[in-house]
Amino acid sequence: MRSFTINQNDSGQRLDKFLTKAVPLLPQSMLYKGIRTKRIKVNGKRAEISTRLQPGDLVELYLNDEFFVQEDQPLAFCSARDELSIIYEDEHILLADKPVGLVVHEDDEGTVDTLINRITKYLWKKGEYDPARENSFAPALCNRIDRNTSGIVICAKDAEALRILNQKIKDRELEKTYRCLVFGVPSPAHQLCRAYLKKDSAHNQVTVSSRPSPEARTILTEYTVLEQDKNFSLLEVRLHTGRTHQIRAHLAFLGHPLVGDTKYGTAKQNRGLPYRFQALCAWRLTFRFTSPAGELAYLNGRSFTVKEIPFSLKDLYKKPV
């Protein structure tokens, strides 16, 4: 038998959603059977799958110990490295500057040194996060960027901040601005471009077309040329839609692939250049709330930028290291 007392980070969840996180070893079939047969109770009474949990509720599970994680198991995030570049932090959120080469979450290879594990380790060492005090919540990233893209990633430090930010991102109330290096000089120097993107999940790649199709989703990408020479340009890019690999694929479709990007550009055109990663940085984040933001209302109108972009136009003429 195991019991959980619902805290603020657990509250508001449906019973089945809470149990999926709190007891990850419990099969879904047994979870629903346990609720149906009253082997899982809330406040000593039978509950429904859809029961919304409130602070102070007692959830009791009369199930075998094999379904519960042992409390003395080592904390996986402790194996992550300590390096972490923090742009901004308060009691609810943390903005990290993710370096090139670091994955945000564990990948198929089971990489432990991830951005979220570094952040979790940092908060644990500060005493702000203690897995022993949490039933279902852990610090969580609200957005993600590719391994070889650098820049701002948002981490929620409590469940309410996570809920609010996920909704704000869905409603496009966060404005994200990128900087990148591309081949050639786009013309005109400023443009809002529309195209249609189709995702191939099996190959983690997308294709872009100028014509709509049932499988494709509309993409809107706005760029401005900041610097240029005869071979390359530094662009500022704002996404009006947020699709997988949108900047990389859309600019390549326009004839200006990102420097260092061999997925949507070619290895041949990148030969001899100094970067072994796509020259793309999630450079600025601005909170532009148009609806109530609860505990995060104080962020409205605030803007944050990375301290240093890891590429520049002049560096393109340096020899590879």
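The relative contact order of the range 232-321 comes to 26 percent, based on Cα pairs under 8 Å that sit 6 or more residues apart. Taking 26 Å as the straight-line reach from the Cα of K33, the lysines in range (excluding those fewer than 8 positions away in the same chain) are K17, K21, K41, K45.
Extents of the range 2-67, taken as max minus min of Cα coordinates on every principal axis and listed largest first, are 27, 21, 18 Å. Spin-label pair Q54-S3: with each label point 7 Å from Cα along the Cα-Cβ axis, the two points sit 1.9 nm from one another. Starting from the coordinates of the alpha-carbon atoms of the range 229-271, obtain the Kirkwood hydrodynamic radius over all distinct pairs and give the value in Å to one decimal. 11.2 Å is the Kirkwood radius here. Which aspartates and glutamates, if any, have their Cα less than 18 Å from the Cα of K126, not counting same-chain residues under 8 positions apart? Qualifying aspartates and glutamates at Cα under 18 Å: D82, E83, E89, D90, E91, E134, D158. Under a model in which nothing but the beta-carbon of Lys, Arg (+1) and Asp, Glu (-1) is charged, the range 1-159 shows a dipole of about 880 debye around its Cα centre.
Bridging of K230 to lysines at a Cα separation below 18 Å is possible for K314, K318, once same-chain residues fewer than 8 apart are set aside. Taking max minus min of the alpha-carbon positions on each principal axis, the range 265-321 gives extents of 50, 22, 14 Å, largest first. Rounded to the nearest 20, the size of the Cβ-charge dipole of the chain about its Cα centre is 1040 debye, with Lys and Arg at +1 and Asp and Glu at -1.
Calculate how large, on average over all directions, the projected area of the Cα convex hull of the chain is; give the answer in nm² to one decimal. All intermediate terms of the calculation are to be shown ahead of the outcome.
Values: hull surface 77.5 nm².
Taking a quarter of the hull surface, the average projection is 19.4 nm².
Specify whether the C-alpha gyration tensor of the range 174-317 places it in the rounded, prolate or oblate class, a ≥ b ≥ c being the square roots of the eigenvalues: rounded for a/c under 1.5, otherwise prolate if a/b is larger than b/c and oblate if not. Oblate, because a/c is 1.5 or more while a/b does not exceed b/c.
Counting neighbouring Cβ atoms within 10 Å and putting the fewest first, the residues T114, T20 line up as T20, T114.
Every number in this text was worked out from the coordinates using simple rules, so none of it is lab data. Small disclaimer: the values here were computed from a predicted structure and weren't measured. Neighbour counts run over all protein chains shown; Cβ positions are idealised from the backbone, glycine included.
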